[in-house]
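Report on one structure; see the data block that follows.
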Amino acid sequence: MPNQKGSVGVIALVILILVIAAGSMIYFESNKTPETAPPTPSQSAEAIPSPTATVSSTPSPLSIPSDWKTYANTEYGFELKYPANWFVKPEQSKTYFQVAFSTDFDKIGGFAALNIYSGQKDLETFANKYEVAGYIRDKTKFKDIEFNQIKAKEIEMFDEEHESSSIMFIFVKDGTGYVLIGSESSLQGDPGTKDIIRKLLYTLQFTK
């Protein structure tokens, strides 16, 4: 029953993302230190340790389809492009901001989310706050990258059992931490989602 197997795989991956998001939100809340931070909330996202990474040069610009739409957020001062057939769902909570993108929020399909945390000093410290190695699959790739003159960490996680994977980009800019994450499943028929996530990242522009 391939369809059932595919659905189980993607559901398992989405649950993994949500569990890690919840765990990181609790971590950030329980480890707050008194300091002056920008008047913006924080977001929960995937948690990851920061092992030795392979440094890579800045990739060449990616080709962005001309029909992609633009999501702009004036409060947080950024904008990025996303596929014309995807939907957008921004959500503000007490502790973080998230804007999610999906082909269909009511069904399992292509999915991405940009999570925002305020009050983050630097990339290494921000990345090291993710202490959930138990949630990361055995086959995980770590890489240091640079996009739009911003240093970031790229993490790919693989789940061979369910033929699914997720990709995550972590970076800090002007005291705010960002995590862009997406998932895909070859069994579910969305093997191109990780490429879309990379394009989302490279279209991200800060407007203030």
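Results, tabulated for the structure shown:
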{"read-out": "Identity of the residue in the stretch 143-159, hydrophobic (A, V, I, L, M, F, W, C) and modelled with pLDDT of 85 or more, that ends up surrounded by the fewest Cβ atoms within 10 Å (Cβ to Cβ)", "value": "I150"}
{"read-out": "Matching option when the condition is modelled with pLDDT of 85 or more and basic (K, R), among K107, K89", "value": "K89"}
{"read-out": "Every pair of residues 6+ apart whose Cβ atoms lie under 6 Å, when the first sits in the stretch 142-162 and is more than 17 Å from T176 (Cα to Cα) while the second is of a type in the set (S, T, N, Q) and assigned to a strand (DSSP E or B)", "value": "K143/T54; M157/T140; M157/S166; F158/S165"}
{"read-out": "Pairs, first closer than 15 Å to A84 by Cβ in the stretch 191-205, second hydroxyl-bearing (S, T, Y), C-beta under 7 Å, six or more apart", "value": "L200/Y82"}
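The values are calculated or read from the model by the stated rules, or taken from the named source; none is laboratory data. These numbers come from a predicted model, not from an experiment. Neighbour counts are summed over all protein chains in view; Cβ atoms, including those assigned to glycine, are modelled from backbone coordinates with ideal geometry.
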